[in-house]
Each structure stands twice: as structure tokens, then as C-alpha cells.
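Below you'll find the structure, written out as C-alpha cells, and then a few comments.
The values are calculated or read from the model by the stated rules, or taken from the named source; none is laboratory data. All values reported here derive from a predicted model rather than from experimental measurement. Here Cβ is always computed from backbone atoms with ideal geometry, including for glycine, and neighbour counts include all displayed protein chains. Ligands, DNA and RNA are stripped out before the accessible areas are found, and what is left, the full protein with its side chains, is counted by its heavy atoms. Shrake-Rupley method; radii C 1.70, N 1.55, O 1.52, S 1.80 Å.
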Amino acid sequence: MQGARRAETMKTPLTARRPWRGRRVVLGVTGGIAAYKSVQLARDLTRLGAEVDVVLTRAAREFVTGLTFEGVTGRRALSDLFSTDGAALHIKLGIEADVVCVAPATADFLARAAHGRADDLICTTLLATRAPVVVAPAMNDRMFSHPQVQANLAHLREVLGYAVAGPGVGPLAVGEGEGPGRMLEPEELVEHVGRALTGPTSLAGRRVVVTAGPTREAIDPVRYVGNRSSGRMGYALAQAAWRRGARVTLVSGPSALPTPTGVGRISVETAEDMHAAARDVLPEADVSVFAAAVADFRPSAPHDEKVKRSRTGPTWGIELVANPDIAGDTRDLRKEGSVCVGFALETGDVVANAREKMEAKGFHLMVANDASEPGAGFEVETNRVTLLDTRGGAEALPLMSKHDVAEAVLDRVEGILREREG
Ligand code: C5P
């Protein structure tokens, strides 16, 4: 039962949230087999609160139907350039769009877009819009590596400023090889669309380091001392920072979560490994966020072989030694002028204890929460936090998803960065 509940909570349900909520997305679908994945993309974007207008090319309708998309978006799928919706449908779509995403983008579509062709609804919409554009190439790997396709992509990226998402490497359509050429997965494309929707921010181009997850401290080769951290809060922060244009490194202890899109992940196991990784990356960081639940202690002498019960008897004492305080010990490595965020999970006197840690470890912003409150702390999707600043301010936020907490934290970080710049 406990196991089942845990498995269920590992998958984050999609609910309306920034930056998708209330935004208009034109999703162009062109004629490739990856079009089946775009149905999921349309659904995910809709569940995140976007209004999704799907535009299918004639070739796309050989693979998926407009009806399929209507079922998941609740909006009529569009296809005809000349229709009863009015001759200026493409102008309306282009003007109203907050972002245009074309997924899958076939070689033929990329060629037409690169040449500014206006021979179907999606290409005319592209000419009519000034919104950011994301294209997700999907084709056979031999086609993708052809110099003409590469030249078209370079033009879209460099001259027109389109974001090119992927392609990924992995199995292509049956018998076609192993890529690169595979369309990115819907959950990755959702993030690329989110990044385009976020637009320029004070984090653009900045280096952000996030520590996340638990650490595991070996008792013997099969057992460890650890904690119940899932990594969710840190992963949400890393993903949100990438959407805001940052270059993000995630130093993560063991977590079942997938690496956030666009984020570089350094996987570690123990507090000492995390300490070493943090020392390597912190000197370059403009922003550092210590969201990891580092094990405070580790067994002083881990056994090389599995300890047998027959040897231990009815009781077994394990001596523990203190682990390094990663955030505190690396203070002098921080880049000058960088912003440093800490977390504190307490079970009483939350604000007072958190403020003490904030001062001791030199944080500029502290995210404090009460582990004894329902909906806060480990293994849940939500958190109720209080944000402490260096001026003595304490802002209690309502219960919200960890994604929303991440946005609130990064809003404050951006505020500090802007203040420093004057
Ligand atoms: O565990 P504690 O409540 O002291 O954590 C406060 C902050 O210090 C958190 O941001 C946590 O990530 C960080 N920390 C750390 N290394 C430790 C313990 C905590 O970086 N060994």
C-alpha cells in the first residue's frame, strides 16, 4: 500500500501553472510518424492551462486526425488556408499566438519555413506572427544530417531566431536506425514551449547551480543511511531556472526523477561526493540554490562486505560521524556578487531556526517550511513555505505546488539580482 502510494506520487500531475496558464499556443503538426506524440503534447499543454490551436498540414492528416486533437484540446483543429473561418485565419492565429511550436517539423516543412513559403496554414501563420517560434525536427537520421537540412535549420535558428528543440538520439521509425532525428518527447517539448513563453529574464545566460535530493551514506555494500527526500523541490527549481534562460547545473543525490530538460546533471551518492561536486561548480555560479537534504551523518567505518545478521546478534550499533556542511563550507568559493538560496525543514520554531541557519550559512534568501504540516516537506507534490530575506522580512506563502514555490523563489532571486545591478 505504502509502495503503491509512493509510485503514484512520483508522477507529477499536470495542473495549470506558469508560464503556460492562460497563454495561446499554436501547435503546428506536419507529416511525420512522430505526429502521434504531438497528441500528448497538445494534451499536456492544455492541462498546463494553455489554449492550444492545432494546425495540421495535409500530410499530417495521413498520420493523425483533427478529431484526435480536438478531443484533447477542446478546440477545433485547423487545416485549411482557404476556409469558412475567413481568409485571414492565419493572420488572426499569428497575431493572437504567444508562441508557435511546430512538432514534428519534417524536412519538407523546415525547407518551406526557411524560404518563407506561404503555401499552407502553418507556414502563413509563421509569416504573420511575431511570437517566438519553436521547431522540433523529426526525420530519418540520414535526412537530418544532410547539409541542406542543416543549412535550413541554421537559417531558422540564426536568421529568424527560432528555437530548435532536438532532435534526440534514439530508435527511429521501424527499421530506420538510431538517430539523431527522433522528435523530443512531449514532456521535453512542453518545457521548450515554456521557455519560449517565459521570454527574457534577469536569469538569461546566468549560471545557476542547484543541489537536490537526498544523499546515501553506505553502511555496507547493500545498506545505507538516507532520508525521504524525493528531489522534487530542487528539480522544479532547476527546470524553472532553465525556462528563465539560465545555464543550469543540478548536483543531485539519488532521485527517481528524470533530468530536467536542458539541465546538466551531476549525479552523486554521498554528502562527500556532493561536497566535491559543489566545490567544482560553485565558483562559476551567479546563483546557487541548496535544496538538497544532505544526510547530516555517515557511518564512520562502512563495511566492505554485507554484514550478516548471524554476526551482529540481536542488536547492532553503527557509529556515525558528521558530514561536511556543503553550503556553509563552500562560502568562500562563491562568486562575488552571487545570490545564494538555502532551505530549512524544521518541526518547530520554523522562522527563528531558519533565520539562524540563514545567517550561519550566508544565504541571501531562505525557504523555510514545517515538516509537521500536512502537504509540506518530503514525498509530496506541495509545500507551504515562508520566504526570509536579509532585511528581516518573512513572507508566508499559501500551500502551493512545488513548481509554484520554485517560481516564487526565482522571482525573489531575480529581484535581488536586479537590485544589485541598480
Ligand atoms: O539540514 P539543514 O536544515 O541544516 O539545511 C539547511 C541548508 O543547508 C539547506 O539549504 C541544505 O541544503 C544545506 N545543507 C548543506 N549541507 C549539509 C546540510 C545542509 O548544504 N550537510
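Observations on the model:
- Scanning the stretch 296-310 for residues that are open to solvent by 100 Å² or more (accessible area, probe 1.4 Å), of a type in the set (D, E, K, R) and within 16 Å of the ligand (Cβ to nearest atom) returns a single hit, Asp296.
- With respect to the conditions (1) modelled with pLDDT under 95; (2) open to solvent by 50 Å² or more (accessible area, probe 1.4 Å), Thr68 falls short on a single one, namely (1).
- Condition met for Thr382 (hydroxyl-bearing (Ser, Thr, Tyr) and closer than 15 Å to Ala354 by Cα): no
- Residue within the stretch 305-323 that is in contact (Cβ under 8 Å) with a residue 12 or more places away in the chain, of a type outside the set (A, V, I, L, M, F, W, C) and in a helix (DSSP H, G or I) present: no
- Comparison of Gly177, Gly166 shows that the only residue that is under 18 Å from Ala107 (Cβ atoms), modelled with pLDDT under 95 and buried (at least 17 other Cβ atoms within 10 Å of the Cβ) is Gly166.
- The sole residue among Arg243, Arg182, Arg232, Arg223 that is open to solvent by 60 Å² or more (accessible area, probe 1.4 Å), in the same structural domain as Ile416 (by TED's automatic domain parsing) and among the charged types (D, E, K, R) is Arg223.
- All told, Tyr235 meets the bar of being within 19 Å of Thr15 (Cβ to Cβ) and free of Cβ contacts under 8 Å to residues at least 60 places away in the same chain.
- The number of residues in the stretch 173-219 that are more than 16 Å from the ligand (Cβ to nearest atom) and either assigned to a helix (DSSP H, G or I) or of a type in the set (A, V, I, L, M, F, W, C) (or both) comes to 21.
- Yes/no for Ala352 being without any contact (Cβ under 8 Å) to a residue 24 or more places away in the chain and more than 27 Å from Ala277 (Cα to Cα): yes
- If you go through the stretch 277-295 and keep only what is open to solvent by 20 Å² or more (accessible area, probe 1.4 Å), more than 20 Å from the chain's Cα centre (by Cα) and within 13 Å of the ligand (Cβ to nearest atom), you end up with Arg279, Val294.
- Subset of the stretch 311-344 that is touching a Leu at 6+ places or on another chain (Cβ under 6 Å) and within 9 Å of the ligand (Cβ to nearest atom) - its residue that is farthest from Val225 (Cα to Cα): Val341
- Residues in the stretch 246-255 that are open to solvent by 10 Å² or more (accessible area, probe 1.4 Å) and within 15 Å of Glu269 (Cβ to Cβ): Pro254, Ser255.
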